[in-house]
Amino acid sequence: MKDPIGPDGRLLREDERQTPLGSFLRRFRLDELPQLWNVLVGDMALVGPRPLVEADLAALPDGGRERARIRPGLTGWAQVNGGQILGPREKYALDLWYLRHASFTLDLRILWLTLVMVVRGERVNEVEVRRALAALEPTGAPA
């Protein structure tokens, strides 16, 4: 990454700070490869909710307790249905939907969709996001 302050003294956006190499690594998710070590030692799974920082966990309705019932993963349902494009509420809803529907078949689907996402780029799957948000609400309707 480059300096956070531009030559004109203006604070630069993250995308303005990335070097071409950094952009390449991020675009193809190669910056995630070191986390394979965490999978090998058992701290993470290949598929599961992405780890969150403490501040993000504290902002979740239940402090992230339900979401933390399973190991975090390198990729997950929220990542293949919008990833960084999604807001925190959508990611939370997709993570909980995954938690409640986890299966070997779903994990295989997520791994496949992860490969597709790396090639095509991130795109929001509105159908899955709406379904996950609806499942969050007791009435079935998103707030």
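The values are calculated or read from the model by the stated rules, or taken from the named source; none is laboratory data. Only a predicted model underlies this, so the values are computations on that prediction, with no experimental measurement involved. All Cβ positions, even for glycine, are placed from backbone atoms using ideal geometry, and neighbour counts span all protein chains on display.
Residues that are more than 14 Å from the chain's Cα centre (by Cα), buried (at least 19 other Cβ atoms within 10 Å of the Cβ) and assigned to a helix (DSSP H, G or I) occur in the range 98-110; there is at least one.
Kindly indicate whether any position in the range 114-131 is under 20 Å from R71 (Cα atoms) and either charged (D, E, K, R) or under 14 Å from the mean Cα position of the chain (by Cα) (or both). Within the range 114-131, one or more residues are under 20 Å from R71 (Cα atoms) and either charged (D, E, K, R) or under 14 Å from the mean Cα position of the chain (by Cα) (or both).
For (1) in contact with an Asp or Glu (Cβ under 7 Å, 6 or more places away or on another chain); (2) under 18 Å from L133 (Cα atoms); (3) not basic (K, R), each residue gets a yes or a no:
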{"site": "R10", "(1), (2), (3)": "no, no, no"}
{"site": "R17", "(1), (2), (3)": "no, no, no"}
{"site": "P20", "(1), (2), (3)": "no, no, yes"}
{"site": "W37", "(1), (2), (3)": "no, no, yes"}
{"site": "V41", "(1), (2), (3)": "no, no, yes"}
{"site": "V47", "(1), (2), (3)": "yes, no, yes"}
{"site": "R71", "(1), (2), (3)": "no, no, no"}
{"site": "G76", "(1), (2), (3)": "yes, yes, yes"}
{"site": "E90", "(1), (2), (3)": "no, yes, yes"}
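Conditions (1) within 27 Å of E14 (Cβ to Cβ); (2) in contact (Cβ under 8 Å) with a residue 24 or more places away in the chain, marked per residue:
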residue	(1), (2)
V39	yes, yes
P51	yes, no
L57	yes, no
H101	no, no
F104	no, no
R123	yes, yes
E128	yes, yes
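Pairs meeting the criteria (first residue in the range 3-19 and among the small types (G, A, S), second residue surrounded by 10 or more Cβ atoms within 10 Å (Cβ to Cβ) and at pLDDT below 80, beta carbons under 6 Å, at least 6 apart or on different chains) are G6/L12. Criterion first (basic (K, R) and under 22 Å from L133 (Cα atoms)) does R27 satisfy it? No; evaluated as a whole, the condition is false for this residue.
Residue-by-condition table, conditions (1) of a type in the set (S, T, Y); (2) modelled with pLDDT of 90 or more; (3) closer than 26 Å to L33 by Cβ:
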residue	(1), (2), (3)
G48	no, yes, yes
P51	no, no, yes
E54	no, no, yes
G63	no, no, no
A68	no, no, yes
G73	no, yes, yes
I85	no, yes, yes
E90	no, yes, no
D95	no, yes, yes
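Just for the range 47-60: of the residues that are small (G, A, S) and part of a helix (DSSP H, G or I), which one is farthest from E122 (Cα to Cα)? Filtering first and then ranking leaves A58.
A quick yes/no check of all residues on (1) within 17 Å of the chain's Cα centre (by Cα); (2) loosely packed, with under 15 Cβ neighbours inside 10 Å; (3) charged (D, E, K, R); (4) closer than 23 Å to N125 by Cα:
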residue	(1), (2), (3), (4)
R10	no, yes, yes, no
P20	no, yes, no, no
R29	yes, no, yes, yes
D62	no, yes, yes, no
A68	yes, no, no, no
L74	yes, no, no, yes
P88	yes, yes, no, yes
Y92	yes, no, no, yes
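Could you please let me know if G121 is among the small types (G, A, S) and crowded, with 16+ Cβ neighbours inside 10 Å? When the stated conditions are applied, G121 does not pass them. Considering the conditions (1) closer than 30 Å to L96 by Cβ; (2) out of contact with any helix residue (DSSP H, G or I) (no Cβ under 8 Å at 6 or more places or on another chain), G9 is excluded by exactly one of them, (1). For the range 115-143, residues that are at pLDDT below 95, assigned to a helix (DSSP H, G or I) and of a type outside the set (A, V, I, L, M) total 1.
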